[in-house]
Every structure is written in structure tokens, then in C-alpha cells.
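The values are calculated or read from the model by the stated rules, or taken from the named source; none is laboratory data. Treat the numbers as computed from the prediction; the structure is a model and nothing was measured. Note that we place each Cβ from the backbone using ideal geometry, even for glycine, and neighbour counts take in every protein chain shown. These area figures cover heavy atoms from the full protein model, side chains too; ligands, DNA and RNA do not enter into them. Shrake-Rupley method; radii C 1.70, N 1.55, O 1.52, S 1.80 Å.
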Amino acid sequence: MPDIRPLPETLISQIAAGEVVDRPASVLKELLENGLDAGATDIGVALVEGGVKQIRAVDNGAGIQSEDLPMAFARHATSKIASLHDLEQVRSLGFRGEALASIASVARVALSSRTAGAASAFSLSAEGGSIGAVQPAAHPLGTTVEVSDLYYNTPARRKFLKSDATELAHCEDAFTRAALSRHDVAFSLRHNGRVLTRLAPSDSAYRVGGTLGADFAQSMRPIAADGGAIRLHGFAGSPAFTRASRDTQFVYVNGRFVRDKLISHALREAYRDVLHGERHPAYVLFLEIDPLGVDVNVHPAKIEVRFRDPRAVHQFVFHAVAKGLSGTAAETPAAMAAPVAVGQSIQPRAGQGFLGLAQPVAGYTAMFADARAETLGTASVPGNDSNAGEAPLGFAIAQLHGIYILAQNRQGLILVDMHAAHERILYEKLKAALDLRAMNTQKLLIPSTFHADGLDVATVEEHGATLNLLGFDVAAISPFALAVRAVPSMLANADTTELARAILRDIREFGASRVLTERRDELLGTMACHGAVRANRALTIPEMNALLREMEETERSGQCNHGRPTWYQMSLADLDKLFMRGR
Ligand code: ADP
Ligand code: MG
């Protein structure tokens with residue numbers, strides 16, 4: 001065995017950099033946070049080639065004194081805390097004194113800065129962990145940090161970088177998170193010399209509109225709740241403004257963007273009664289809590305936090321948002337404000353592609369291709385006037401209002417919520433197919449192409465294997481467009497664009513591995529919902545019978561994925577009672 005030796009400082013930083021600096025966007029996040037911590041009121045970001053070539057952040061904050069400049073690059077050197085006591089009370093975004101040292105170990109960094117009292121500005125550069133000499137420079141009050149050639153000295157890491165468009169998309173995400181967190185600060189973003197965004201200081205509603213778009217700004221409702229030691233404010237999108245993914249969910253704890261399971265859960269609960277299961281609410285919420293009540297030092301990128309009293313936080317957030325949503329319920333259509341009842345779940349929602357209305361009635365073969373192959377081939381399918389044989393769910397008689405299937409069996413009448421039932425069947429089949437790694441795919445004759453944002457393109461680039469496993473073939477055809485070339489055969493009838501978008505957003509938010517493990521059922525549920533027959537789709541009698549047979553063969557088919565019943569039996573006795581008919 002070799003001797004045990006301490007690692008060289010630069011290598012320690014490079015190892016640490018693996019956790020905090022995994023791509024240009026994480027460098028940008030650190031630079032933005034440093035600017036905000038320095039009290040800047042204006043932060044300008046300029047990226048070159050997706051930030052891989054260069055990231056420059058200019059702020060007008062307090063600056064760094066010349067004698068402190070070398071310390072800025074030293075590991076575990078920070079001006080923000082000095083003791084455990086400070087750490088427990090920490091209000092700044094940074095406090096580990098790790099970012100600049102890590103960045104300087106894997107890139108070329110030049111820093112210029114000027115403080116209020118100083119006679120001149122000074123600059124300093126660092127490269128691959130070695131720090132140059134402090135030199136006089138020209139710079140206004142504030143700091144400019146220029147990070148160039150990320151991973152120039154760690155080629156193995158550089159290989160993990162994606163296309164410029166992908167890296168840019170991640171940088172834009174980091175920029176948006178910072179811009180939303182401080183509406184009182186001006187922000188601008190350039191890429192390859194072109195201005196992408198310029199945000200003037202404004203009130204918070206205006207900033208939300210400027211970053212997330214007018215649609216959201218028009219739909220959102222203000223949230224404001226004060227519990228003394230804990231406060232919540234911000235905006236919650238109305239239930240009418242829902243998304244196929246969670247990409248418009250921003251939660252900040254004491255000014256820090258977090259992804260917190262507890263808070264997400266509280267929000268999901270708050271929206272539960274007003275939101276369709278497959279759609280996601282949009283919100284920008286700021287939780288302010290006594291720093292002693294939250295530990296922000298539990299994650300390398302500080303994106304997760306731990307609350308001292310999780311139950312209290314959950315309750316508080318839930319009530320604050322539920323109240324905010326119900327307070328203006330009169331503005332929403334009744335169907336959206338009311339608890340979702342059986343049957344309502346298949347009504348169209350604003351902004352949602354609605355297959356049944358948009359497409360002509362599909363031929364029998366396309367609708368239940370699987371069902372036909374597996375059941376109709378063997379079972380005899382009586383016509384609609386035939387006597388109900390031994391099939392437990394009987395045989396179809398008619399379709400009611402494009403929503404329910406009416407069937408008769410030996411006992412009487414069967415009512416089936418066709419969407420809910422089909423969704424359940426697809427869900428169970430998808431689960432089985434994925435478990436067996438045997439998802440049958442169907443190539444689309446004409447690939448469906450759609451405009452996508454950079455992060456979706458990035459997801460396709462990074463997680464092609466996961467998409468394949470799920471039965472999809474999606475390709476980037478430009479930095480802003482994707483083409484769906486194949487989908488799981490079971491879902492061939494879905495709106496493939498909507499479907500692909502939903503999957504991509506899930507992967508992008510939760511990561512490929514979580515999507516296949518702890519989030520698997522939710523993902524398959526989303527897929528099933530997209531694939532299931534929509535309301536107002538006229539079904540033929542054989543199609544309806546095929547669905548009934550499928551239900552009989554599917555485990556748990558009595559309940560839809562959301563726990564509501566998929567079918568209901570009314571016996572002849574029930575009907576007789578209804579008509580007060582003595583038998
Ligand atoms: P941390 O933010 O955790 O303290 P960093 O490595 O990000 O660690 O920065 C180290 C130190 O450099 C900070 O504590 C701060 O004193 C100084 N610094 C970095 N960036 C800036 C900036 N833009 N303006 C003023 N000071 C800065
Ligand atoms: Mg920092």
C-alpha cells in the first residue's frame with residue numbers, strides 16, 4: 001500500500017469543484033450570488049459560447065480591498081461568516097468560501113475590483129490554481145469576474161459539457177432564478193455580444209412578468225401570509241394557468257432558490273382540489289424564516305434545506321397558498337374552482353392540447369390496436385343487441401355524451417368512465433413493459449416537430465438513453481426545435497408533442513435516474529393520461545367492448561390512477577327501485 005499523504009491544495013479544489021462547478025451555469029450561479037452578497041444593485045452577465053468560453057459578471061457592489069484580493073481565491077476563505085454562531089444565523093447566499101477557489105482550479109479567472117474608499121482599482125488573475133500578483137487596474141466601484149476556458153486543464157470534465165446551446169439554456173435558468181429573487185436589482189444577460197435580457201429594478205409583480213411572461217403574470221394571484229417567525233409572499237398561478245411540467249415553480253427560502261420536497265408537497269396539497277392531476281401549478285414564492293429555523297448547509301449547491309420544524313412550515317405554506325387561491329375563486333370558472341369530481345377530469349383545460357376535438361375520429365384499428373390484438377382476436381364480440389354473456393363488465397350498448405360507456409351485463413347496467421378506465425389500463429401496461437424493459441415503440445410516419453426551449457433540447461441531448469427506455473425517440477433538429485420520431489406503441493394515439501414535452505420536463509427536473517425510480521409511477525401516470533382516449537371521442541361498439549375486455553384483464557382497473565372509480569354497476573334491482581317497480 002502506498003503511504004497516506006495529504007492531497008495538494010489545487011487537487012483538493014479540483015475535487016471540490018466537481019461538486020459545486022459542474023457546468024458554466026453553476027459558475028454563473030456563484031458569481032451572481034457573490035454580486036448580490038456584495039450589495040450590488042446592478043449585475044451584468046456576458047457569456048461567450050454558452051459560457052464555456054467565457055462568463056463575465058460585472059457588479060456595482062461593495063468590491064474587494066486590494067489586500068484581500070488574494071484571499072478571495074483561497075479555499076475556505078470568506079468574508080461572510082467567522083464562527084459557528086454566524087453560520088447558524090447566515091443571511092448571505094455564500095458562506096463556504098469555496099466557489100472562487102474551485103472555479104480558479106478549473107478555469108482561468110481574472111478579477112478586478114474597487115471599493116468605495118480606494119484610490120484605484122486592483123486586479124488579480126488565477127489560472128489552474130496558481131494566483132498571480134495584485135496589480136493596479138481601471139474599474140468603477142464594484143467587481144468584475146471573468147471566467148474563461150472552463151475545464152481547460154481537466155479534459156475529462158470538459159467532455160461532459162454539452163453543446164453551447166445546452167449550456168446557454170442552463171445559464172439562462174440560473175440567471176432567471178437570480179433575477180426573480182431580487183426584483184430590486186437590475187440584471188442584464190448577453191450571449192456572444194447579443195443582449196438576451198435586460199431587467200430594470202421594479203416591483204416584484206413586474207419582475208415576474210418580465211422573466212416568466214405576461215401569461216403567467218396575468219393569471220397569478222398574490223400570496224401574503226405573516227406568521228411572525230415565518231412569512232410567505234409571492235405569486236401563485238391561478239388553477240387555469242397550469243403547466244405540463246414543474247418548470248415554472250420557483251421557491252426561495254430566505255432569498256435562496258431551493259427545491260424542497262416539503263414545500264413542494266405543501267403546494268401540491270394546496271392546489272389539489274383545483275388542479276387536474278397531470279398538470280402542474282406555476283408559482284414564485286418567497287419564504288422568510290428565522291435563520292435559526294432552517295439549515296442551509298446540507299447540499300453542495302445549497303439547493304436543499306432542512307427545516308427545524310418541518311410540520312409547522314408545511315402547514316403554514318399550505319394554508320397561505322390555499323387561502324390565496326380560494327380568495328379569488330370567483331374569478332375562475334366554476335368547474336376549475338370546484339373539487340374535481342369523477343367525469344370532470346376529462347374536461348378540457350385552458351392551454352391543454354385536446355386530442356378528442358382536434359382530431360377526426362380515429363379508426364377502430366388505431367384506437368385500441370393492442371386491445372384488439374390481445375382480446376378481440378380470441379373473444380367473441382356480440383353485437384349491441386345480444387344477450388350479455390358471462391363477461392363481468394358486460395357488453396357495450398352506447399356511449400353517453402362522449403364520456404361514459406353504457407354496457408349491460410347479467411346484473412344490469414354498467415357505466416364506465418372511458419378516459420379513466422383507459423388511463424388505468426395503459427398505466428398498468430406501461431408499468432409492466434418498463435419493468436420487462438420491453439416497451440414497444442411505434443415510429444411516427446411524420447415525426448412531430450415542435451419549438452422547444454434550450455433546456456428541453458439539452459435534456460434530449462443528455463438523456464437519450466432514458467428516453468429510449470421509455471419508448472421514445474426524440475432528436476434535436478436545431479437548437480430550438482425537437483422532433484419526436486417514435487413513441488411507445490400504446491401511446492401512438494396521444495398528442496405526441498404534448499406527451500414528449502411532459503416527459504422531457506419530468507426528466508429535466510428530477511434527473512433521469514429519479515424519473516426511473518422514485519418518480520417512475522408518476523411519470524407513467526402522466527404518459528397514460530396522455531395516451532388515454534379523450535372525452536368527445538366517438539367510440540364504436542367494438543372499440544367499447546375491447547375496452548371492457550381490457551378492463552377485466554387489468555389489475556386494479558376498478559380505480560383510475562387518481563383513485564376514483566372507473567366504472568359503476570347499477571343492478572336491475574337498483575333500477576327497479578328508482579322506478580318504484582315491484583318485482
Ligand atoms: P463565499 O461567497 O462563500 O464567501 P466565494 O469563493 O464565492 O466564497 O468568495 C470568496 C470571497 O470573495 C467572498 O467571501 C467575498 O469576500 C469576496 N467576493 C467574491 N466575489 C465578490 C464580489 N463580486 N464582490 C465583492 N466581494 C466578492
Ligand atoms: Mg460565493
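Structure notes:
- Residues that are within 30 Å of ILE414 (Cα to Cα), open to solvent by 10 Å² or more (accessible area, probe 1.4 Å) and among the basic types (Lys, Arg) do occur in the range 529-545, at least one of them.
- Filter pass, ARG91 being over 22 Å from VAL45 (Cβ atoms), in contact (Cβ under 8 Å) with a residue 60 or more places away in the chain, touching a helix residue (DSSP H, G or I) at 6+ places or on another chain (Cβ under 9 Å) and among the basic types (Lys, Arg): yes
- Listing of strands (runs of 3 or more DSSP E) fully contained in the range 176-277 that carry 2 or more residues being outside the structural domain of GLY563 (by TED's automatic domain parsing) and at pLDDT below 90: none
- Put simply, of GLY18, GLY50 the only residue that is within 27 Å of the chain's Cα centre (by Cα), at pLDDT 95 or above, away from ligand 1 (no atom under 11 Å from the Cβ) and of a type in the set (Gly, Ala, Ser) is GLY50.
- Of all the residues in the range 97-120, those that are within 13 Å of ligand 1 (Cβ to nearest atom) and free of Cβ contacts under 8 Å to residues at least 40 places away in the same chain number 4.
- Number of the exception - ARG108 against (1) surrounded by 15 or more Cβ atoms within 10 Å (Cβ to Cβ); (2) within 15 Å of ligand 2 (Cβ to nearest atom): (2)
- Residue within the range 156-169 that is free of Cβ contacts under 8 Å to residues at least 24 places away in the same chain and not in a helix (DSSP H, G or I) present: yes
- Qualifying residue in the range 442-455 (condition: among the charged types (D, E, K, R), touching a residue at least 24 places away in the same chain (Cβ under 8 Å), assigned to a helix (DSSP H, G or I) and under 24 Å from SER245 (Cα atoms)): no
- The set of residues in the range 58-99 being open to solvent by less than 20 Å² (accessible area, probe 1.4 Å) and in a helix (DSSP H, G or I) consists of LEU69, ALA99.
- Test: residue in the range 405-422 that is free of Cβ contacts under 8 Å to residues at least 12 places away in the same chain and open to solvent by 50 Å² or more (accessible area, probe 1.4 Å): no
- Failed item in (1) surrounded by 24 or more Cβ atoms within 10 Å (Cβ to Cβ); (2) more than 11 Å from ligand 1 (Cβ to nearest atom), with LEU7 passing the rest: (1)
- Flag for ALA528 being among the hydrophobic types (A, V, I, L, M, F, W, C), part of a strand (DSSP E or B), under 30 Å from the mean Cα position of the chain (by Cα) and within 24 Å of LEU434 (Cβ to Cβ): no
- For the range 25-50, taking the residues that are more than 16 Å from ligand 2 (Cβ to nearest atom) and part of a helix (DSSP H, G or I), the one that is surrounded by the fewest Cβ atoms within 10 Å (Cβ to Cβ) is identified as GLU49.
- Between LEU548, LEU572, the distinction of being touching a residue at least 12 places away in the same chain (Cβ under 8 Å), open to solvent by less than 60 Å² (accessible area, probe 1.4 Å) and either closer than 27 Å to ARG279 by Cα or not charged (D, E, K, R) (or both) belongs to LEU548 only.
- Qualifying residue in the range 189-201 (condition: within 19 Å of ILE289 (Cα to Cα) and either of a type in the set (Ser, Thr, Tyr) or buried (at least 19 other Cβ atoms within 10 Å of the Cβ) (or both)): no
- Taken as a whole, the condition of being surrounded by fewer than 23 Cβ atoms within 10 Å (Cβ to Cβ), assigned to a loop (DSSP other than H, G, I, E, B) and modelled with pLDDT under 90 applies to ARG556.
- Residue in the range 16-29 that is basic (Lys, Arg) and either within 30 Å of LEU196 (Cα to Cα) or touching a helix residue (DSSP H, G or I) at 6+ places or on another chain (Cβ under 8 Å) (or both) present: yes
- Unique match (being more than 21 Å from CYS560 (Cα to Cα), under 20 Å from the mean Cα position of the chain (by Cα) and in contact (Cβ under 8 Å) with a residue 12 or more places away in the chain) among ILE541, ILE507: ILE507
- Evaluation of ILE289 against (1) modelled with pLDDT of 90 or more; (2) under 30 Å from ALA532 (Cβ atoms) (one fails), failing number: (2)
- Here ILE64, ILE81, ILE55 are screened, and the one residue that is hydrophobic (A, V, I, L, M, F, W, C) and more than 9 Å from ligand 1 (Cβ to nearest atom) is ILE55.
- Hits in the range 146-155 - residues which are polar (S, T, N, Q) and not in a loop (DSSP other than H, G, I, E, B): SER148
- Residues in the range 90-104 that are in contact with a strand residue (DSSP E or B) (Cβ under 9 Å, 6 or more places away or on another chain), within 8 Å of ligand 2 (Cβ to nearest atom) and under 17 Å from SER125 (Cα atoms): LEU100 only.
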